[in-house]
Each structure stands twice: as structure tokens, then as C-alpha cells.
1. Considering each residue of segment 25-52, count those that are of a type in the set (Phe, Trp, Tyr) and loosely packed, with under 11 Cβ neighbours inside 10 Å, and give that number.
2. Restricting to segment 25-46, count the residues that are in a helix (DSSP H, G or I) and either of a type in the set (A, V, I, L, M, F, W, C) or touching a residue at least 40 places away in the same chain (Cβ under 8 Å) (or both).
3. Name the helices (runs of 4 or more DSSP H) wholly within segment 103-193 that hold at least 1 residues that are under 56 Å from the mean Cα position of the chain (by Cα), at pLDDT 70 or above and surrounded by 11 or more Cβ atoms within 10 Å (Cβ to Cβ)?
4. Mind listing whichever residues of segment 283-305 are without any contact (Cβ under 8 Å) to a residue 60 or more places away in the chain and part of a helix (DSSP H, G or I)?
5. Out of the residues in segment 269-282 meeting the condition of being among the aliphatic types (A, V, I, L, M) and not in a helix (DSSP H, G or I), tell me which one is nearest to the chain's Cα centre (by Cα).
6. Are any of the residues in segment 249-272 surrounded by 12 or more Cβ atoms within 10 Å (Cβ to Cβ) and either outside the structural domain of residue 49 (by TED's automatic domain parsing) or of a type in the set (Asp, Glu) (or both)?
7. Counting just the residues of segment 233-247 that are hydrophobic (A, V, I, L, M, F, W, C) and surrounded by 15 or more Cβ atoms within 10 Å (Cβ to Cβ), which one comes out farthest from the chain's Cα centre (by Cα)?
8. Residue pairs, Cβ under 7 Å, 6 or more apart or interchain, first in segment 57-85 and over 26 Å from residue 258 (Cβ atoms), second outside any helix (DSSP H, G or I). List them.
Amino acid sequence: MQKHPLTEQLIEAQLEFLDAEFVQPENIQQEFLSFYLWFRKQTLQDIWSFEQINHLLQKQILDTPASSFLIEQIAEHIRFALVHPVNETTRIADVIPVLTIDKIAQYVAAKSGHRQRLIKTVVNNPAFSAMITQLIQHSIQDYLDNSVMVKHVPGVSRFMKMGKSVLESVTDSSLDNTIAHYLQKNIIKLSQMSENVLNQHFNDEKLYQFQATLWHKIKDMPLSVLKNYIEVQDLPQTVSMGHEIWEHMRQSDYLKKQLHDGIHTWYVRNQARSFDLILRDINIDEALIQNELQKLLQPVIQQMINQGYLRDRARYYLEKFYYSERLQTLLNSQT
């Protein structure tokens, strides 16, 4: 491209003008605020469609796998939080408000209907029945073999063995099998008894008191006690297993449908609202723009100016403009 002296002078004059304007911080602040004042009045549907937002989030959240570096960083940050020295001097009560704990305790205790349904589901599970059966069998056998009376009262041991022998001869089965048969026949009754006992033990008042007692036991413990329940050295492995679950879920039709419908519901609810209201929902308002975000972004813009980036970009577009055929024809006609 052939350079023309007049065109170059015009370009340089405009670049010097822009440099002089943007070197002043108040001008940057005013431009940033002016853009926000314009942007806040636009509605969501005027700027972006549902399809655009859905495509972006589907691509970035579900279609893009997490990098190995990100997984390592997650594990490292969790490890850092767990081993931080401040955990030794910070009590659980220092980071969890007692009033909130009390509200949670009252809320959980008041959900008697949910709790009773959960207990019914648990006690009617075959695994629970098997556990109760084995527990009763072992308890009876342990009593027969190791009770204090058998060990210390003369003749009782021989009497117990004789009774066991008589029972086995009458039932034509071992004591263990006899007990197991009885329990199997009566497992429904045992489950109902277990359900009643659990409901009595975990009524609203007792459950609330249990939670309150538990809180008073742990509230003064240091946060470092968490290391007793989380294997810090295993974090790379446990975080990796969590990542494997996410990798499977993000590729499932279930999560794709959930994300699609969730975005659509949000979009329909907000499409006619201005960005001023939408941003306010996430605590971004004009005061935050002026006092915080502007301070964060201003050094970025200032660095772009200092390094000549904005000048280079401005020159690129000014050259395209001034060396366009139409403007060159106009300049030549004037000269």
C-alpha cells in the first residue's frame, strides 16, 4: 500500500488526539460509565436470544471437558484450605452462626412426616431386616455363651447347655437355625417394632435436643478437626473420582435437558427485563460499577494505552478508513 503524506498526517493527528484524550483517567471513567448507563437500559431479548445463551452454556459447561490442570488446582485448593494454620485457632462456632444452627435444628425436627417416611423406608429394606436378624442372633448366642450368670453361678452353664440340647432335640434343628427360623417368620413384626421404637426415639423434641447436644459438643472444636475425617493425602484421588462422575453426567441426555429447560425458564422470565434489573439480581449496580469494577478495569485500559495496544488498533482501522477508495478519491479531489 502506497503511503500518502496528507493521509499519514491526518492519521497521526487523530492518533495524537486519541492519546491525549485517553491518557486522562477521568475520560476513561466517563466512557466506562457512559457505556454502563447505555447497557443497563437494554433488555435481555434486545441483545441475546435464548438460542445464543443456551448454545454458549451447553458448549462451555457440558461439551467442554475440564482440563487436568483444573482438576489438580481444585485438589490443591481444598488441601490448602484444610491444612491452613488458621484452622488450629478457629473454632467451628467462629464460622457457623449458632442462630442458624438452631434454625436448622428446629426445621429438621419439625419435619416429622418426612422423617417417618424415611424410617419406614429404612426398616422395610431387606438389608435392614437382615442386619436386625443377625444382630438378634448374635446377641442371644453371646448371652448363652458369655453371660455373667453362666460364668459365675455354679451349675448354670450345665443347665443352659441342657436346655439348649432339649430345645434342639424337640425342634430337630440347631439353636441357631431355630432362632433364625423364628426371626424370619416374625420379621414383619420386628420391622414394625423397630419403626415404632425409632419414631419414639426420634420424635420432634428428642431430635431437636439431640442436635442441640451435638452442636454444644462440637462448637468449640478447632476447624482442624476436619482433617480427622478427610484424608488430605488422598485428595488427588477423591477429586479425580468426583471428576469422573461429572464427566459421565455432563455427557448424559438428562443433564443436557435439565440445563436447556433451566436456561429457557430463566430466559422467559427475564427476556423483557432490562440489564439494570438483571444485574441487580446478582448485586451489580451503578455504585458497584463506579466504586469497584471501574477501579479494577481502569488499570487494564491504562496498560493497553501505555503499551501502545490501543494506538496500534486505532491505526489499523484509521488506515483502512483513510486508504479506502472512496476517501482517497475525496482527498485527491480536494487537493
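1. 1
2. Within segment 25-46, residues that are in a helix (DSSP H, G or I) and either of a type in the set (A, V, I, L, M, F, W, C) or touching a residue at least 40 places away in the same chain (Cβ under 8 Å) (or both) number 12.
3. It comes to 112-123, 126-146, 175-185.
4. 287, 288, 291, 292, 293, 295, 296, 299, 300, 303, 304, listed by residue number.
5. Filtering segment 269-282 for residues that are among the aliphatic types (A, V, I, L, M) and not in a helix (DSSP H, G or I), the one nearest to the chain's Cα centre (by Cα) comes out as 282.
6. The answer is no, given that none of the residues of segment 249-272 is surrounded by 12 or more Cβ atoms within 10 Å (Cβ to Cβ) and either outside the structural domain of residue 49 (by TED's automatic domain parsing) or of a type in the set (Asp, Glu) (or both).
7. This residue is 235.
8. 82/230
The values are calculated or read from the model by the stated rules, or taken from the named source; none is laboratory data. Remember, it's a predicted structure, so these values are computed and weren't measured experimentally. With ideal geometry, Cβ positions are generated from the backbone for all residues, glycine too; neighbour counts draw on all protein chains shown.
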